[in-house]
1. What is the number of the single condition among (1) within 29 Å of Ala330 (Cβ to Cβ); (2) open to solvent by less than 50 Å² (accessible area, probe 1.4 Å); (3) in a loop (DSSP other than H, G, I, E, B); (4) not β-branched (Val, Ile, Thr) that Gly72 does not meet?
2. I want to confirm something. Restricting to region 321-355 and keeping residues that are buried (at least 21 other Cβ atoms within 10 Å of the Cβ) and among the hydroxyl-bearing types (Ser, Thr, Tyr), which single residue is modelled with the lowest pLDDT?
3. Under 8 Å by Cβ, and 6 or more places apart or on different chains, what pairs join a residue from region 64-85 that is under 13 Å from Leu138 (Cβ atoms) with one that is of a type in the set (Ser, Thr, Tyr) and open to solvent by 20 Å² or more (accessible area, probe 1.4 Å)?
4. May I ask you to list pairs of residues, at least six apart or on different chains, whose Cβ atoms are under 6 Å apart, with the first in region 250-263 being open to solvent by 80 Å² or more (accessible area, probe 1.4 Å) and the second being assigned to a strand (DSSP E or B) and among the aromatic types (Phe, Trp, Tyr)?
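The values are calculated or read from the model by the stated rules, or taken from the named source; none is laboratory data. No experiment lies behind these values; they were computed from the predicted model shown. Virtual Cβ from ideal backbone geometry, glycine too; neighbours counted across all protein chains shown. Just so you know, the surface numbers come from the protein's heavy atoms only, side chains and all, with ligands and any DNA or RNA stripped out. Shrake-Rupley method; radii C 1.70, N 1.55, O 1.52, S 1.80 Å.
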Amino acid sequence: MKLAPLTQAITLASLTGLLIATPSMSSAAFLEDSKASLELRNFYMNKDWRDTGSREPAREWAQGFIFKYESGFTEGTVGVGVDVHGFAGLKLDSSQERQGTGLLLPARKNGHVPNSYGHAGATFKAKASESLLKAGTLIPKLPTVQSHDGRINPVTFSGVHVNSKEISNLTVDLGRLSRVTQRNSTNSEPLAVGIAQGVGVNKRNTNKSTRSNINQSSKFDFAGLNYKWWDSGLTTAYHAAKLHDVYKQHTLRGVYTLPIADGQSLTADLRFARTTESANSGIDNKAIGALLNYKLGYSSFAAAYQKISGDTGYAYLAGTNPFLVNFVQARDFASKDEKSWQVRFTHDFASLGVPGLSLMTRYIKGSNIYMGAGNKRGKEWERDIDLGYVVQTGTLKGLGMKVRNATVRDNMNRSNDETRVIVSYTIPLM
């Protein structure tokens, strides 16, 4: 996409938001509760492949722009409003030889990386009592469909989502998605499935289906219940989803936090997901995960275990984060038959008089990965270090800087070292 259309996309989003917020269309609340912002994300990524005979390192640098306009609601029994979004990306450094860092920038079939890209979207919303309906561009955050937002632009979907909180402590979600725009794309595309797998292993037994577009679907239905058990510290959730003609999924989650003393607590996070085939796709998976986190003052210590079983790896909607305790920076540790464990440490340096400075480090090891009949079992490990700082005062208050480093090693010819440098800043516009 050329720079001119890119600029037009941002301008269109801005003008649309301003046109919407006019007295002829709105009540006072519509205007007074409106807000707009422009988020800037500067993202550098370096992926250095470490296996024998592997290709050259992938290195890219890009600038992202995320414009958001959110109106208030008109007055009355049913209040209506609209949200407008504009997404854009600029290539600062990349090439045909160095592209491929992992969906940071788009790349054409010939490997050429365009100088810029962007798109815009709008969402109609209606609110009655404690229920909210949204239709149009969506960025869902649910166990079965959690939009990936780990690059310069988030993944967006087209669809309808109803969120209801009519009953105290109970949240109900219902919806349908029909199209997706990936984080490095301007195209609205059919929905697709992503499945964790070991190298050389088919994603599913596709011999069971004669459809040529086994990966794709035009409908993704989801529903969920989330209940907070008063002040007990316990929250439970059930979510279900169906990617038509591809898979059906059910998830259960329980989170319990036990206060121990001032500044101390223990949190248990238990997860279970069951995914089965639809229209003979062959998908079959069970995922069990448990995470225990101990918070002590400014530090936290965590341990997690994850087990994958069934005929395939864990299935999820492409462009989303899988519902897994061991989904981390580079890997999801969710291949067929894989077992993995994690240890993690985080610290807030406000304890040393440096508020805004934080550290996270973790180690994850996976084993027993199915590599095909008669082949040896695969194994992998990943070590992550995140160092971040957010400016606390002054003109640049809210400016965030983060360095993320991952070391990944395995016996499946996918070992790499990865470094990300992210600078982000949000400018309130109204």
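1. In the conditions (1) within 29 Å of Ala330 (Cβ to Cβ); (2) open to solvent by less than 50 Å² (accessible area, probe 1.4 Å); (3) in a loop (DSSP other than H, G, I, E, B); (4) not β-branched (Val, Ile, Thr), Gly72 misses (1) alone.
2. Taking the candidates together, the pick is Ser335.
3. Once the first residue is under 13 Å from Leu138 (Cβ atoms) and sits in region 64-85, its partners that are of a type in the set (Ser, Thr, Tyr) and open to solvent by 20 Å² or more (accessible area, probe 1.4 Å) give Asp83/Thr137; His85/Thr137.
4. Pairs found: Leu252/Tyr238; Leu252/Phe272.
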